[in-house]
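A.B. asks: Once you've had a glance at the structure underneath, I'll fire off some questions.
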Amino acid sequence: MTLGHRDYDMRPPLHPFTALTAAACAAVVTTAAAYSPLSVAVALAAVFLAVRRGVAGRVLPAAAVILAPLCLSLLVLHGLFFPEGQTVLAQWGPARVTAEGLGFALELGTRNTACVLVFLLFSFTVSVPDLVSALAGRRIPPQFGFVLASTLTLVPAVAVRLDRIRQAQETRGMVVRRGLLSRLGALRLQMVPLVLALIDDAGSRAQALDARGFGSRGPRTSYREVADPPAQRRFRAAALLFAAAAVVWRIVASWPVGVPS
Amino acid sequence: MTATTRTALQIRIEAFTFHGENTPVLSGATVSVAPGSLTAVLGGSGSGKSTLGKLMAGWLWAGHAGEFRGSLELGDTLLEFRGAPDDPRINPAEWSRRVAFVPQDAAAMLSSVRATVAEELAFGLENRATPRDDMLRAVERTAARTGLSDLLDRDPATLSGGELRRLAMGCAVITEPDILILDEPLASLDAAGAAQVEDLIRSLRGAGTGVVLLSQAADGLAAEATHWIVLDGGRTVRGTGLDGGTVTAAGTPAQLAGSAELQRAGVIGIRGPGVVGPGDVSPAATGPGVVGPSVVGPSSIRPSAIRPSAIRPSAIRPSAIRTSVVGPNPAAGARSPGPVPVPAPGPGPGSLELRGVGFGYGADARRRGVPAQARVLRDVDLAVNPGEIIAVTGPNGAGKSTLLRHFNGLLRPSEGDVRVCGRSIAGVPVGTVAASIGLLFQHPRDQLFERTVLREAAFGLRQLFGKAEAEGKARAALAAVGLSGTEAAHPADLSASRQRLLALATVLAREPAVLALDEPTVGLDQHGLAALQSAVVRAAATGTAVVMVTHDLAYARMNAHRVLELKDGQLSRI
């Protein structure tokens, strides 16, 4: 992810908190509702927005990496071993495939998919400098914003560094072939140099950050201004209320009736 | 602010020792900086210049980084350090508001989390809670001063070396410090970039800022200094327990120019790395291939001065004639004694051959129809024979490094063919080509990745020479560049000059047929230059073909059989 301005800046800018609130509320409401069609709708909406924003090419592979093992484990855990399951579809020894188990796995799977997609959509579309600036404006420690920004820029930085180390090693006789095994073997040789280089970088940068007053306590100002129109503030308040209501409704709805508290 | 309101800085170092080391890295040094003055601290690589600068600027905290005995005096404030736990502690943020430091690696100055040049400039002000309106004015003023006004919206990661250096200086001066300390501010800048930085320093001095220049070259900028201090670290390497740096001479440039102390310290002569005047040659720098007299102008070239031994008629290949980059340069031959003679032609193929090579960066460099002006290399032909030394020059960004990366396949040509020892390398893995091509990267830190100097030099040698011989080859290569005795040190602990020599040793140890050197002189002090020159000449004498890329034309002219210029994607002889 780059820190630069994005090419869709022509649209009315979305305050980072508005996007974050929308993502969080969507996740909360989906979880509270625990209703597969809603989960599927939220997931589809996230995919649609990702395509519209031109980030589907990054959101979907990332989602696949996270969701494939998760959904598989849900399927194995609940699809095969669901004690409450009545309708047995197939059975191998202690493993029983029940309709209820499959239904539960499907519900959990779609819910997780929706949550993962909305948060990935947020993290791939948010302007990191705007987010850091907005956080600093809310008296959140700047170190938090710095760590957040560094984390989001770490992956590209690591990729660049790994590429340099690979070039240096290839130049000195390491043969990297196309196969996965060859690449994994090369990666093993690059890990120690990578970690050492990142630590070295961090050390030299820390002195400069200190000298530029980053470690000092006290108030800070922000050069970057992030517009926060009143309409977006109202939207955030409404979304938070709606999410809170959904949670309350969920608690009330599933409260065991007739059990003395 | 005028010069009269500015304060002065004085540092007196009895000794500074890094934690975990026995001997001080600096001792017996006093530096005073007056408002509006330029003080040049000159010394070879590893003499402790950067440590001195960081101590003055509060980047190294006494007690935290090491044991400091001495004093720091800024205006009315006097801080005494005795190496005791109750020593005063410097607040780096407060101190740097008045004493700013720009490190040798300009990128290390940047926060790396700001999206634009303007925000990066403002970072230090934000942390000091400067009101936004003041910040906007300060950014505008600093940008104008550093020539960054047109770049304020750019992502700092996309800046060139010169622009990055000016941004780092802008970040340092935006708080209007009284003192500015610059560590090798001109390293790896071409003439245009260096001129911009020099102008900036002049304007800061005019406004009353006291400037300290830490440099291993007594160059044009150092010549403007009011005061020179020579720091000599002997052959210091952190972690090897050798003597630390100490001041061996101080005075005006006129008093110290050409002094024995300057030469002993390994300071490069006043006319640049390649141009070693008679008085500037250290004893170690003499020998084959090292030129004594200063550069001879074109008008004084005598055809008779061209030594026949340096010319190989067979070096002129039909394929190389297209861009007329063949044959020895008479100008190079005139700079006697010049490099060692090229060995007698053998029946075998040339060491390296480029035939019609074209290349362009972009989303897909191989796509047809890429406009010609977007191409970095266009129809490049080059033939290099065993024992030949070729220099490729050109301004920053001309594509010199791109050309070198084609030699071993790190970059693949979109058109044409690269042949090493008579065989095309198309489809051959880089690691395999590496047996014949040794590539020295422009930035040694990109080349070094191991834990110790010996492991670094020995990487990949087992496959080439077998287990029994690998370590011996590595040690011999380290000895060839003067790094014997540093085998156990961590490469990152070496001085910049020695890091480059270590990178060179890793290449030499492989005994390749072709040496490709990217800006090999940058960052080297006089001792390092001598080691480089003797290593190159020795390699060429044993039949290794050498192609070196350098922005230093004078150095190229004196140390190569042929000098080529890369311009508009094409090579031409100059």
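A.B. asks: Can you give the local net charge around B:K400? Use residues other than it whose beta-carbon is closer than 9 angstrom to its beta-carbon, Lys and Arg +1, Asp and Glu -1.
C.D. replies: -2
A.B. asks: Still on this structure: So for the pair A:S216, A:L241, with labels modelled 7 Å out along Cα→Cβ, what separation do we get in nm?
C.D. replies: Going from the A:S216 label point to the A:L241 one covers 4.3 nm.
A.B. asks: Using the Kyte-Doolittle scale, find the helices of chain A whose mean hydropathy is at least -0.5 and whose Cα atoms extend 20 Å or more along the helix's long axis, counting only whole DSSP H runs.
C.D. replies: Within chain A the helices that satisfy the rule are A:16-33, A:36-52, A:56-74, A:99-125, A:142-171, A:180-211, A:230-253.
A.B. asks: I need the peptides A:231-240, B:135-144, B:56-65 ranked by packing, meaning the mean over residues of other C-beta atoms within 10 angstrom, with the highest value on top.
C.D. replies: The most tightly packed comes first, giving B:56-65, B:135-144, A:231-240.
A.B. asks: OK, next. Please work out the Kirkwood hydrodynamic radius for segment A:141-211, using every pair of different C-alpha atoms, and report it in angstroms with one decimal place.
C.D. replies: This gives a value of 13.9 Å.
A.B. asks: To make sure I understand the rule: partners must be aspartates and glutamates, Cα under 18 Å from the Cα of B:K400, and not fewer than 8 residues away in the same chain. Which ones qualify?
C.D. replies: Partners found: B:D190, B:E353, B:D379, B:D381, B:E415, B:D417, B:D446, B:D518, B:E519, B:D552, B:E565, B:D568.
A.B. asks: I've got another one for you. Could you state the orientation-averaged shadow area of the convex hull built on the Cα atoms of segment A:16-126, in nm² to one decimal?
C.D. replies: 7.3 nm²
A.B. asks: Let me check against my output: what whole-number percent is the relative contact order of segment B:6-270, with C-alpha pairs under 8 Å and at least 6 apart? Working shown, then result.
C.D. replies: Working: 548 pairs, mean separation 77.7, N = 265.
Value for segment B:6-270: 29 percent.
A.B. asks: Considering every Cα-Cα pair within chain A, what fraction, in whole percent, is farther apart than 30 Å? Mind dumping the intermediate values first?
C.D. replies: Values: 17123 of 33930 pairs.
So the pairs more than 30 Å apart make up 50 percent of the total in chain A.
A.B. asks: Sum up the charges of everything whose Cβ sits under 10 Å from the Cβ of A:P16, counting Lys and Arg as +1 and Asp and Glu as -1, but leave A:P16 out.
C.D. replies: Summing Lys/Arg as +1 and Asp/Glu as -1 gives -2.
A.B. asks: Something else now. Using +1 at the C-beta of Lys and Arg and -1 at the C-beta of Asp and Glu, which of B:A249, B:A195, B:V25 has the Cα lying farthest in the positive direction of the dipole of segment B:6-270?
C.D. replies: The residue sitting most towards the positive pole is B:A249.
A.B. asks: Compute the projected area of the convex hull of the Cα atoms of segment B:6-270, averaged over all viewing directions, and report it in nm² to one decimal place. Display every interim value, and only then the final one.
C.D. replies: Numbers: hull surface 55.0 nm².
The directionally averaged projection comes out at 13.8 nm².
A.B. asks: OK, next. Give, rounded to the nearest 20 debye, the magnitude of the charge dipole that chain A has about its Cα centre when Lys and Arg contribute +1 at Cβ and Asp and Glu contribute -1 at Cβ.
C.D. replies: 580 debye
A.B. asks: Sticking with this structure for a sec: Out of A:V65, A:V51, A:L102, whose Cα points farthest toward the positive end of the dipole of segment A:16-126 (charges: +1 Lys, Arg; -1 Asp, Glu; placed on Cβ)?
C.D. replies: A:V51
A.B. asks: While we're here: Say the dipole of segment B:523-574 comes from +1 at the beta carbon of Lys and Arg and -1 at that of Asp and Glu; which of B:V547, B:L524, B:H561 then lies farthest toward its positive end?
C.D. replies: My answer, from the dipole projection, is B:H561.
A.B. asks: Still on this structure, please answer the following. Per residue of B:422-435, count partner chain C-beta atoms within 10 Å of its C-beta, then hand back the mean as an integer.
C.D. replies: Mean inter-chain Cβ contacts per residue within 10 Å come to 3.
A.B. asks: Peptide B:117-127: average number of partner chain Cβ atoms within 10 Å per residue?
C.D. replies: On the way: counts 0, 2, 7, 2, 1, 4, 5, 6, 5, 11, 11.
Mean partner shielding for this stretch: 5.
A.B. asks: Let me ask something else. Roughly how compact is segment A:65-197, stated as its Cα Rg over 2.2 N^0.38 Å to two decimals?
C.D. replies: Taking N as the residue count of segment A:65-197, the ratio is 1.62.
A.B. asks: Per-residue Cβ counts within 10 Å, from other chains only, averaged over A:219-231: what number is that?
C.D. replies: Per-residue shielding by partner chains comes out at 4.
A.B. asks: Moving on. Taking the simple approach of a point 7 Å from Cα along Cα-to-Cβ for both B:T452 and B:A191, what is their distance in nm?
C.D. replies: 4.7 nm
A.B. asks: Could you give the length gained on full extension between A:A45 and A:A64, defined as 0.36 nm per residue of separation minus the Cα-Cα distance, in nm?
C.D. replies: 5.2 nm
A.B. asks: Which of A:R220, A:R212, A:R178 moves the most in a Gaussian network model of chain A with Cα springs under 10 Å?
C.D. replies: Result: A:R178 has the largest fluctuation of those listed.
A.B. asks: Note down the nm distance, to one decimal, between modelled labels 7 Å out along Cα→Cβ at A:W255 and at B:A207.
C.D. replies: 6.7 nm
Since every read-out is calculated from the coordinates, none of them should be taken as a lab result. What you see is a predicted model, and the numbers here were worked out from it, not measured in a lab. No Cβ is skipped: glycine too gets one built from the backbone with ideal geometry, and neighbour counts run over all protein chains shown.
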